[in-house]
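Each remark here refers to the structure printed beneath this line.
The values are calculated or read from the model by the stated rules, or taken from the named source; none is laboratory data. Keep in mind that what you see is a predicted model, and the values were worked out from it rather than measured. Here Cβ is always computed from backbone atoms with ideal geometry, including for glycine, and neighbour counts include all displayed protein chains.
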Amino acid sequence: METTTHGLTKALRLRDLVPMQVVLIVWLGWAGFAAKQGSTQLVLWLLAIALFYLPLAAVVMKLSRAIPVEGGVYQWVKGGFSPFAGYMAAWNFTIYSITAFAVIGSLLADGFGRALGSSGAWMLASRPFTFGITAAACFASYFFNVRGLRFAKWWTNVGMVLTTGAFAALLYLLAKAFVVGAPHLRSSFSFAWPAFSVATLAVFAKMAIGALSGFEDSAIFAEECRKPENDVARSVMIAAPLIALMYILSTSAVLAYVTPGNVDVSAAVPQALRAGFGVSTAGRALAIAGACAFNFAFAAAMVIYVGMVSRLPMVAGWDGLLPPWWSELHPKYRTPSKAIVAVTISVFVLGVLSLLGADNQEAVQVGASAGVASLCVSYLLLFGVALFGFRSREWRPGPGMRFGAACALAVVSISLIFQFVPVGAVASRAMYALKIVVVFGVTNAAGAFLYWRGTKRMEGALAATQSVSQ
């Protein structure tokens, strides 16, 4: 198979990128966060799509064609603003990915426990079980990614099938609610305008930035795509309508069977499946199958994310900002195996730490909010490039794209503020906010320090080279 000048294998085609977009963006668990808003969820989804989702798609399509190189947002922001801005965009995206998947043990434990009902209640409180799931997921992510995208990309196909299966189960329950005239169905499709409040803004922020983000992710693999200048943009166009529909209908299905106050944000889909299919033997089996599909789809997404995130320090290593070993490729599989190890260990360690002093639901919220806060920084830089960057380049966004980028920038700014507000029940709101502040502050300070160290390393290497030549 064809390789790049960096030794990477071109393993991805359009048929691989479309399911990758769905798997990387769609986590039906976000329907639980949206369902907390109740009858106004539909209007909030439509606002999030208009003000963030569509502008993001337009910017990614434009930039992926203009700069089709490995690293995606890192390269785009570096070219549009500065190397430091590009580095921090990539760093914050990395932190987002690691924190988001560090809670995989909590998510899967809650998901299986809810699906099994009373017989699975022990899973909700078992720390060894949660740790075991985290360790297994991390090992699988390492194993498949070291072997390369030709092997790991099949997880996107599996994840696509499983996500579609879970969505199909919710769609069936939604149709069933229509037939039987479920009392909560009308409110789940209401066009009622949401009240302006802190809680509403917090939910909107999580819906927009948390659920509808990710079109730029596959561009990180640009040099491992057969036709990156065309296929990334095409995959966005194909996947965008399907993704929006899946989120809106999934949230409606949850609300058809679970009241907003009783929604468990860490296991909303299994909770709805359990309530919809009932306690009969067949209903229980269907609920378990749907919950398993939902859970394993999230695990499939983690495999791809670990491989994707490992490419960012690899590219930074090419630029001399990180030690060369980050860019070293496996001699057989041509993958950044050492970077993959580092990312996998980081996910596991943070996953263990996230459970200290918190139940599964709070751990999920802390991980999601701290991660999305970091993602907001990456998006502030990305949309800032669309508005203010590339002054010396031929690439110029039109008025429509600039207006969309300005709207998305405003949404991201609001989202960053409201990541510190919990949606579900937590032990202490002040402690919840403090955990996010600490994680967000420490990680960004660490990123800036590592960049400074990298520039000093490059300056030292340049000085040594000059002294030798003299």
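Only one of (1) aliphatic (A, V, I, L, M); (2) more than 20 Å from the chain's Cα centre (by Cα); (3) at pLDDT below 85; (4) under 30 Å from Thr200 (Cβ atoms) is not met by Ala463, so which one is it?
(4)
Which residues, taken from region 134-165, are at pLDDT below 85 and aliphatic (A, V, I, L, M)?
Matches in region 134-165: Ala152 only.
What number of residues within region 252-269 are farther than 23 Å from Met160 by Cβ, part of a helix (DSSP H, G or I) and among the aliphatic types (A, V, I, L, M)?
2
Residues to consider are Val198, Val203; find the one that is buried (at least 16 other Cβ atoms within 10 Å of the Cβ), more than 20 Å from Ala293 (Cβ to Cβ) and under 26 Å from the mean Cα position of the chain (by Cα). Before the answer, list the steps.
On the way: Val198 fails: buried (at least 16 other Cβ atoms within 10 Å of the Cβ).
The unique qualifying residue is Val203.
Quick check on this structure: which one of Trp122, Trp76 is assigned to a helix (DSSP H, G or I) and surrounded by fewer than 20 Cβ atoms within 10 Å (Cβ to Cβ)?
Trp122
Any idea which of Gly320, Gly276, Gly351, Gly283 is small (Gly, Ala, Ser), surrounded by fewer than 19 Cβ atoms within 10 Å (Cβ to Cβ) and part of a helix (DSSP H, G or I)?
Going through Gly320, Gly276, Gly351, Gly283 in turn, the sole match is Gly283.
Looking at Leu24, Leu12, Leu8, which is the one that is over 21 Å from Ala195 (Cβ atoms) and touching a strand residue (DSSP E or B) at 6+ places or on another chain (Cβ under 8 Å)?
Testing whether each residue is over 21 Å from Ala195 (Cβ atoms) and touching a strand residue (DSSP E or B) at 6+ places or on another chain (Cβ under 8 Å) leaves just Leu12.
Checking the conditions here, which among Ala219, Ala182 is more than 18 Å from Thr40 (Cβ to Cβ) and at pLDDT 85 or above? Don't jump to the end; show me each part of the working.
Numbers: Ala182 fails: at pLDDT 85 or above.
Step by step, each of Ala219, Ala182 is checked, and only Ala219 is more than 18 Å from Thr40 (Cβ to Cβ) and at pLDDT 85 or above.
Gly71 fails exactly one of the following numbered conditions: (1) closer than 23 Å to Ala339 by Cα; (2) under 18 Å from the mean Cα position of the chain (by Cα); (3) part of a helix (DSSP H, G or I); (4) not aromatic (Phe, Trp, Tyr). What is the number of that condition?
Here Gly71 meets the rest and fails (3).
Can you spot a residue in region 336-343 that is within 30 Å of Gly165 (Cβ to Cβ) and either part of a loop (DSSP other than H, G, I, E, B) or at pLDDT 90 or above (or both)?
Checked against the condition, which is being within 30 Å of Gly165 (Cβ to Cβ) and either part of a loop (DSSP other than H, G, I, E, B) or at pLDDT 90 or above (or both), region 336-343 yields at least one hit.
Among Phe33, Phe84, which is the only one that is in a helix (DSSP H, G or I), more than 22 Å from the chain's Cα centre (by Cα) and among the aromatic types (Phe, Trp, Tyr)?
When all the criteria are applied, what remains is Phe84.
Please go through region 197-251 and give me each residue that is in a loop (DSSP other than H, G, I, E, B), of a type in the set (S, T, N, Q) and touching a residue at least 60 places away in the same chain (Cβ under 8 Å), ordered by number.
Correct list: Ser213 only.
Of the residues Phe221, Phe196, Phe151, which is in contact with a strand residue (DSSP E or B) (Cβ under 8 Å, 6 or more places away or on another chain) and more than 24 Å from Gly276 (Cβ to Cβ)?
Phe221
Pairs only if they're at least six apart or on different chains, beta carbon under 6 angstrom, first in region 134-149 and touching a residue at least 40 places away in the same chain (Cβ under 8 Å), second of a type in the set (Val, Ile, Thr) and not in a helix (DSSP H, G or I); list them, first residue then second.
What qualifies is Val146/Thr335; Gly148/Thr335.
Does Gly290 fit the bill of being modelled with pLDDT of 80 or more, over 11 Å from Leu173 (Cα atoms), in a helix (DSSP H, G or I) and not charged (D, E, K, R)? Walk me through how you get there before you give the answer.
Working: modelled with pLDDT of 80 or more: no; over 11 Å from Leu173 (Cα atoms): yes; in a helix (DSSP H, G or I): yes; not charged (D, E, K, R): yes.
No, not satisfied.
(1) over 19 Å from the mean Cα position of the chain (by Cα); (2) assigned to a helix (DSSP H, G or I): which one isn't true of Val18, the others all being true?
Here Val18 meets the rest and fails (1).
Taking region 286-317 as the region of interest, how many residues are over 17 Å from Trp155 (Cα atoms) and surrounded by fewer than 21 Cβ atoms within 10 Å (Cβ to Cβ)?
Number of matching residues: 4.
Of everything in region 147-181, what is of a type outside the set (A, V, I, L, M), more than 30 Å from Pro336 (Cβ to Cβ) and in a helix (DSSP H, G or I)? Give them in sequence order.
Result: Thr164, Gly165, Phe167, Tyr172, Lys176, Phe178.
Just give me the residues in region 253-304 being small (Gly, Ala, Ser), over 20 Å from Ala137 (Cα atoms) and out of contact with any Leu (no Cβ under 6 Å at 6 or more places or on another chain), in sequence order.
If the condition is that a residue be small (Gly, Ala, Ser), over 20 Å from Ala137 (Cα atoms) and out of contact with any Leu (no Cβ under 6 Å at 6 or more places or on another chain), then Gly261, Ala268, Ala272, Ala275, Gly278, Ser280, Ala282, Gly283, Ala285 are the ones that fit.
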